[in-house]
Amino acid sequence: MAQVWQSWGQVIVVSVLGLPLCAAVVWWRATAGHRGRGGRWLGAIAEVGLIAGTLPWLWMVMTPGSEPRSVRLVPLVDLYDVLRGSADTAVVQVVGNLLVFAALGFFLPLRWRLGATAVGVIACAGSVAIETAQWTLDLGRVSSADDVLINTLGAVLAALVSRPWWRRRRAEPVT
């Protein structure tokens, strides 16, 4: 845990300090008449939540590392290696990758009429873009097919968690 704080403490602090600004933007969007699907408040929360919940993770995965860049395109090999290593590393890698697009997956179906499949396609495309950028920009990170799979899975699982609110969204008239 100390290594996580050392590596990502700055991202965590900035994210926490940004919460009041996020709350203010939600209030402004909801009270200024901006209407999203599901009503003013749900639409505003979804818009701010998907951005504010995804940006810190993008900051983390686009932060340069110290290793030479590499590409691992064979699915599940990288995951197998991570799971065979230390438990701490495995938890950080797997949970971290599940959370990269979790906010996006949770809030996209609340803001727009999308199902879990569409969320998966969007998350997969975003994850491929991230892995490509990591390699292209030579950020000293591993570009892995497994990261794409786990990022996508995290978004789809989060979308399914938000499913009870989809019914409310679909029940209201579109304006």
Using the charge dipole of the chain (Lys, Arg: +1 at Cβ; Asp, Glu: -1 at Cβ; taken about the Cα centre), state which of Val26, Ala158, Leu98 has its Cα farthest towards the positive end. Val26
Place a +1 charge on the Cβ of each Lys and Arg in the chain and a -1 charge on the Cβ of each Asp and Glu, then give the dipole magnitude about the Cα centre in debye, rounded to the nearest 20. 1100 debye
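Keeping every protein chain present and rolling a 1.4 Å probe, give me the accessible area per residue for the chain in Å².
Solvent-accessible surface per residue comes out at 58 Å².
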Per the rule of 0.36 nm per residue minus the C-alpha distance, extending Ala125 to Ile51 adds in nm 25.0 nm
For the chain, what is the relative contact order in percent, using Cα pairs closer than 8 Å and at least 6 residues apart in sequence? 28 percent
Given the C-alpha centroids of the stretch 53-114 and the stretch 139-169, what is the distance between them in whole angstrom? 9 Å
Based on the Cβ-Cβ distance from Ala90 to Ala24, what FRET efficiency comes out when R0 is 41 Å, to the nearest 0.05? 0.60
How much of the accessible area of the stretch 67-107, in percent, comes from carbon and sulfur atoms when a 1.4 Å probe is used? 67 percent
If the chain between Thr117 and Val77 were fully stretched, how many nm would it gain, using 0.36 nm times the residue separation less the Cα-Cα distance? 11.9 nm
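The values are calculated or read from the model by the stated rules, or taken from the named source; none is laboratory data. Given the structure is predicted, the values throughout are model-derived calculations rather than measurements. Using ideal geometry, Cβ is built from the backbone for each residue, glycine included, and neighbour counts are taken over all protein chains shown. Areas reflect the complete protein model, heavy atoms only, side chains present, ligands, DNA and RNA absent. Shrake-Rupley method; radii C 1.70, N 1.55, O 1.52, S 1.80 Å.
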